[in-house]
Structure formats: C-alpha cells, structure tokens
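> Let me begin by handing over the structure; questions about it come next.
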Amino acid sequence: MADFGGDVEAFRADARAWIEENLPQSLKSGAGRRAAAMGGRSGDAGVWRQRVADKGWGAPTWPKAYGGAGLSRQEARALGEEMAKAGAFNPIGGLGIMSIGPTILELGTEAQKARHLPHIARGEYEWCQGYSEPGAGSDLASLQTRCEDKGDHWLVNGSKIWTSVANLADWCFCLVRTDPHAKKHEGISFVLIDMASQGIETRPIQLISGESPFCETFFTDVKVPKENLVGRLNGGWEIAKRLLQYERQNISAGFGTGGGAGGAAGDLSELAKKYQGAADGGMVADPDLRSRITRNKMDFQAFGLTLERIGAESRAGNGPSAATSIIKYAAATFAQERTELMVEAMGAQGLGWEGDGFSPDEITATHGWLRAKANSIEGGTSEVNLNVVSKRVLGLPDPK
Ligand SMILES: Cc1cc2nc3c(=O)[nH]c(=O)nc-3n(C[C@H](O)[C@H](O)[C@H](O)COP(=O)(O)OP(=O)(O)OC[C@H]3O[C@@H](n4cnc5c(N)ncnc54)[C@H](O)[C@@H]3O)c2cc1C
C-alpha cells in the first residue's frame, strides 16, 4: 500500500481513483446500495466487501498488524468523504468496527487483540451487544445476568433483550453481574461470549415491518473461558462506558460525511426541486419547505464542524470522551429531521414501502425515515445522552 508521507490530499486523490475503479456500478444507488449497506455478502455487495477488506479499509485507522490500514485520522476522514461523494460506504462496519473492536484495541489483552481484531477488520464475524435487559435499559447498571467464578471457567445465567442480530452473531460482548453484593456499578464485569456455546438461545422479536432486527437472548449455564474477561473483574462498568463512547462517536460519524441515514438523501434541495418543482432562479418552489431544508443544511454543516472539533479534541486527549453524547444526540436529531424532510419533499412517492409504483430510491427513503426513529433510542436514548452532557460535559449538579 502506498505511503503518502502525511500528504492527505495525495491520499485523497488515490482513494478517489481506487473507489472509482473498484466500487461496482450496481451499488451506487437504490436497492443495490441498500442491500450492501445491510451487510450483503453475495453478488456485487460481496465483491465490494472483499475489496475493502483486502485494502484494510474496513478498519482504516487500526494498525496493519490487526487487519487495518494504519491510516491517520485525517486520511480516514478523507476516505469517508470520498466514499460518500462516490455514493460508496464502508461495507464492513457493524458493532465489530464501531464499538467492540476499538474497545479491545484500547483495553484488551494482547491475546484478545490477536484473536479478534483481524476477523473484525475483515468483517468475518458478526458481533452482538448484550447490554440491555428487561429491567435494565437506560438504568443499565441494574442488570441482573449472573456470572459466577467456577475455577477454570465463568458460568453465565440470565437474559438480555433488544440484542441486535443476536440470532446471526458469532460473538457477544456482554455485561454480567459478578458481585451481587457490591454497589450496582461496582459488581459488573465485561465478557466476550462465543454465541456457539451451549446454553444460548435467541428469539427474534418481530416488528410491525415484518423485520426482526433484534432478539431476546437467554443464557442458561453458559460456560465462558476465563481469558474472555476484558479488563479486571468487577471493572466492567468503566469498559461498558468506554465502549458506548466509541459506539456513540461512530454511530454519529457517518452523518458528518453524509454517509449515514441522513446522507442517503443526497442533496435535499435537488430532491425537493425534482418532486415539488423549482421557482424562478432555481430555488425550491415551496418557500416553507425551502427554509426548513436550508436550516437543516446549515445545522448539518455546523454539526460537521463540531464533529471535527470533537474529533480533534479526542485525538489530542485520550480518545473519545463524554462529548460523544453531544454528537450522538445531535446526529439522531438531524437524521430524523433530514429523513422527515426527504419523505415530505417526495410527497406521496415518499410513502412507498414496496411495490412497482415506487422507485428503489423512494423505497429506500421511506425505510430510512422509519429507521431513523430508532436513532434517538439505540446506543442510549436522547434523554440519557442529554443527562450525560449535563453532568459530564457541563458539570451541572444532579437534579435529584
Ligand atoms: C434499533 C435498536 C437497536 C438496539 N440494539 C441493542 C443491542 O444490540 N443491544 C442492547 O443491549 N440494547 C439494544 N437496544 C436497546 C437500547 O439500548 C435501549 O432501548 C435503550 O437503552 C433504552 O432502554 P429502554 O428501551 O429500556 O427504555 P427505558 O430505559 O425504559 O426508557 C424509556 C423512556 O424513559 C426515558 N428515561 C429513562 N431514564 C431516564 C432518565 N434518567 N432521565 C430522562 N429520561 C429517562 C428514556 O429516554 C425513554 O424515553 C437497541 C434499541 C434499538 C431501538
């Protein structure tokens, strides 16, 4: 792989040419893009996935020794921007890249890094997140799944809920209670569980859309090797929070480069003109819609700059901080506003779920709009993120 000696623009030009040459035409829009973005592994989606994995661009900033490309943050950002411009995206993604990978990279043992990171970087394993329980969502530290020390292994019993893709996952990173007598935050540990272990049952939860993106997950006398504990015993809460910072940063990052759900709209003004018509001077005809689109675009621009600032602070300090709650909150809000504007601009055509009367882009828009509703719940709700901002960023007193 060429070394650009820190010349980000030279890297950018090279990345652009590579994407142009390697991104299959069918993935540039519509259904092909959606299939690939959903983790498609066959056909053109599989080809793109393989090419990106071989390039190390699934985890662009990770060291090459762990399957990454060893890019600087600036190069990775340029790569994200070039991907977005070309209508491309990182096909590997998922929780491996977004959350557990960076956490293992920072806090795992050398053996855990060697065992897991290369597979994550190539998207070979699907990961799921065993955090939420029926009685522990926002109040996550109330979790009850037990993990007992049995000498040569851990024994896990309990259940999780809303575990995305648990039925398809190879591994689960899981929060478990290892000391039931300690204060609730101090009796939690963080373990990696092989989903092929005996005693794990997943039950997909069916949504009104007919899709089943998440599961109930049950653990009955599941044996977990001792070496799968990440960090120290009963030190899991700190690791859980760190992982959430990575997750919130990475969930949100796609919006800054236009690669997230909000970005799928392309240019909102052009979209509105296509469906609603243009006034003299080439503006969106409807003045109310035009002003709301303009406000969203300005907010989006400011958000991109805030992302850069927080990214720079993160690079200068010790990685992501509680400020990731600001961007998670803002990203969720903008994505919801942007997808709402998108379907509104399309009029009745923005309501197509399936069928011949709607183009693939229109169907993608409707799906994206509904999917964005979950942005303010997953990875910690907007209210919970505002609480984090109030306490940990602004230093305001607890209202209780
Ligand atoms: C698409 C999607 C995917 C998900 N994937 C996973 C996954 O893979 N693994 C996993 O472990 N979990 C997952 N979750 C679960 C998610 O983390 C929880 O739904 C979320 O943390 C909220 O918990 P809850 O649903 O129990 O709601 P609750 O905690 O019961 O909250 C209900 C409402 O009360 C508000 N509220 C609660 N406490 C406070 C407070 N202190 N101050 C102000 N308001 C408050 C909340 O903001 C919310 O509006 C997923 C959720 C979604 C939507």
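> Say R0 is 45 Å: what FRET efficiency, to the nearest 0.05, do Arg315 and Glu201 get from their beta-carbon distance? Don't jump to the answer; show the numbers that get you there.
Values: r = 42 Å, r/R0 = 0.94.
So the FRET efficiency works out to roughly 0.60.
> Something else: Taking Cα atoms, how many degrees apart are the long axis of helix 110-121 and the longest axis of the chain, rounded to 10 and kept between 0 and 90?
Helix 110-121 sits roughly 30 degrees off the main axis of the chain.
> Next question, about the same structure. For Lys241 and Thr109 in the same chain, what is the full-extension length gain: residue separation times 0.36 nm, less their Cα-Cα distance, in nm? Numbers along the way, then the final one.
Details: separation 132, 0.36 × 132 = 47.52 nm, distance 1.83 nm.
Contour length minus Cα-Cα distance gives 45.7 nm.
> Okay, next question. How far apart, in nm, are two points set 7 Å out from the Cα along the Cα-to-Cβ line at Ser209 and at Ala86?
So the two model labels end up 2.7 nm from each other.
> Of Lys160/Lys184; Lys55/Lys85; Lys64/Lys297; Lys64/Lys373; Lys273/Lys328, which pairs sit farther than 25 Å apart, going by alpha carbon to alpha carbon? Provide the component values of the computation, followed by the final result.
Details: Lys160/Lys184 17 Å; Lys55/Lys85 19 Å; Lys64/Lys297 37 Å; Lys64/Lys373 37 Å; Lys273/Lys328 30 Å.
The answer is Lys64/Lys297; Lys64/Lys373; Lys273/Lys328.
> Moving on to the next point. Using a 10 angstrom cutoff on alpha carbons, build the Gaussian network for the chain and name the most mobile of Ile193, Ile363, Ile208.
Per the Cα network of the chain with a 10 Å cutoff, Ile208 tops the list.
> Once both axes come from the Cα atoms, what is the angle between helix 236-256 and the longest principal axis of the chain, in degrees from 0 to 90, rounded to 10?
Its long axis makes an angle of about 10 degrees.
> Taking the alpha-carbon centroid of each part, what is the distance from the stretch 206-223 to the stretch 317-343 in angstrom?
One Cα centre to the other: 27 Å.
> Next question, about the same structure. Place a label point 7 angstrom from the Cα of Arg73 along the Cα-to-Cβ direction, then list the residues of the stretch 103-143 whose backbone nitrogen is under 19 Å away.
Within reach of a label on Arg73: 103-107.
> Under the definition of Cα pairs under 8 Å and six or more residues apart, what whole-number percent is the relative contact order of the chain?
Numbers: 661 pairs, mean separation 46.9, N = 400.
12 percent.
> What's the exposure ranking of Leu117, Leu394, going from fewest to most Cβ atoms within 10 Å? Intermediate results must be reported in sequence, preceding the final value.
Working: Leu117 24, Leu394 10.
Listing Leu117, Leu394 from fewest to most nearby Cβ atoms yields Leu394, Leu117.
> Quick check: the angle from helix 8-22's long axis to the longest principal axis of the chain, C-alpha only, nearest 10 degrees?
80 degrees
> Please compute the Kirkwood hydrodynamic radius over the chain, one decimal place, Å, based on all pairs of different Cα atoms.
By the Kirkwood definition, the hydrodynamic radius is 22.3 Å.
> Follow-up question, since we're still on this one. With unit charges on the beta carbons (Lys and Arg positive, Asp and Glu negative) and the dipole taken about the Cα centre of the chain, which residue among Thr103, Ala45, Leu351 sits farthest to the positive side?
Thr103
> If the only charges are +1 at each Lys and Arg Cβ and -1 at each Asp and Glu Cβ, what is the size of the charge dipole of the chain around the Cα centre, to the nearest 20 debye? Write down the numbers at each step before the final one.
Working: 44 positive and 49 negative charges, 132 e Å.
Using only the charged Cβ atoms, the result is roughly 640 debye.
> Then there's this: How high is the FRET efficiency from Glu148 to Asp288, r the C-beta distance, R0 56 Å, rounded to 0.05?
For R0 = 56 Å, the calculated efficiency reads 0.40.
> Output the peptides 383-390, 85-92, 312-319 sorted from most to least packed, where packing is the average of other Cβ atoms within 10 Å over each peptide's residues.
Those peptides, ordered most packed to least, come out 85-92, 383-390, 312-319.
Values quoted throughout were computed directly from the atomic coordinates according to the rules given, and no laboratory measurement underlies them. Only a predicted model underlies this, so the values are computations on that prediction, with no experimental measurement involved. Quick reminder, even Gly has a Cβ in these numbers, built from the backbone with ideal geometry, and neighbours come from all protein chains shown.
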